[in-house]
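**Q** Have a look at the structure that comes next, please.
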Amino acid sequence: MTAPFYVSPEQLVKDRAEFARKGIARGRAIVGIQYAEGILLVAENTSTTLHKIGEIYDRVAFCGVGRYNEFESLRVAGVRHADLKGYLYGREDVAAKSLANAFAQTLGNVFTHEVKPYEVELLVAELGTDAAGDRLYTVLYDGTLSEHRGFAAIGGPADELAEVLGDGLDPDQTLDDARSAVEAAFAAVLDREVDGWEAAVLERNGRRRAFRRL
């Protein structure tokens, strides 16, 4: 009887992380950035039907990079989670923090217990009543959850984009200024032309639902 093949836990985690990072690196980046009247979400996306940016609830948006079927299943689960919580308690009780925590737990469990980890990174944005109440959370493939102020980037050259955006961040900028800043950041980081854009905003418009596609 042959002995089972042994892989150390450290090597197993390292291999899973490397596998997930390689898949995500092939995905095109998404940026979320605050402006005076809301949050702008911009993705490099050549498709007009397979969206990377979507609405989860009244003032909460979701962005995903990596394998489309994996982050889309997470988005649908997030919509159901938000709808149930809003129905049982109140619409104001649905927050990006609880959704991001749920995504982090799911991705962490998959990364730890499944053979293949999810090749995704997520960005969850929530619009507050004022700029101080805006929230941006990122969730990595292994369930690592982080909160960001002002801007956040996921997928592809996320670190480089964040570095460029951080140099000239202006929380009082207009929507056009924010869009120009994102386009300039992509131009500075990428060594090619952007094939197509997908963009949406969470805007303080006085209406219950704040999400609007551009």
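Each value in this text was obtained by applying a stated rule to the coordinates, not by laboratory testing. All figures in this text were calculated on a predicted structure; none of them were measured in a lab. Neighbour counts are summed over all protein chains in view; Cβ atoms, including those assigned to glycine, are modelled from backbone coordinates with ideal geometry.
**Q** Taking 7 Å along the Cα-to-C-beta vector as the label spot, tell me the TYR89-GLN105 distance in nanometres, rounded to one decimal.
**A** 1.2
**Q** Can I ask one more? When we measure straight from the Cα of LYS85, which aspartates and glutamates land under 18 angstrom away, once same-chain ones fewer than 8 places off are left out?
**A** Output for LYS85: GLU55, ASP58, ASP93, GLU126.
**Q** Then there's this: To the nearest 500 deg cm²/dmol, what mean residue ellipticity at 222 nm is calculated for the chain from DSSP H runs of n ≥ 4 alone, each contributing -39,500 (n - 2.57), summed and divided by the residues?
**A** It comes out at -12500 deg cm²/dmol, rounded to the nearest 500.
**Q** So what's the convex hull volume per residue for the Cα atoms of the chain, in Å³?
**A** Normalising the Cα hull of the chain by residue number yields 140 Å³.
**Q** Between VAL194, VAL94, VAL120, where does the largest GNM mean-square fluctuation fall for the chain, given springs only between Cα atoms within less than 10 Å?
**A** The residue with the greatest mean-square fluctuation here is VAL194.
**Q** If you line up the long axis of helix 158-167 against the longest principal axis of the chain, both from Cα atoms, how many degrees apart are they, to the nearest 10?
**A** 30
**Q** Between the stretch 108-150 and the stretch 151-214, how many Å separate their Cα centres?
**A** Their Cα centres are 17 Å away from one another.
**Q** Moving to a separate point now. If I fit a long axis through the Cα atoms of helix 9-25 and take the longest principal axis of the Cα atoms of the chain, what angle between them do I get, 0 to 90°, rounded to 10?
**A** It works out to around 40 degrees.
**Q** May I ask you to list the aspartates and glutamates whose Cα is less than 15 Å away from that of LYS116, ignoring any residue fewer than eight positions away on the same chain?
**A** Within reach: ASP15, GLU18, GLU70, ASP142.
**Q** In what sequence, highest mean first, do 169-180, 139-150 appear when ranked by Cβ atoms within 10 angstrom?
**A** With the highest mean Cβ count within 10 Å placed first, the list reads 139-150, 169-180.
**Q** Give me the percent relative contact order of the stretch 93-214, please, defined on Cα pairs under 8 angstrom at least 6 residues apart.
**A** This gives 18 percent for the stretch 93-214.
**Q** Something else: Going through the stretch 50-124, which chymotrypsin sites (Phe, Trp or Tyr not before Pro) have at most 14 other Cβ atoms within 10 Å and a DSSP loop state?
**A** Passing sites in the stretch 50-124 are TYR89.
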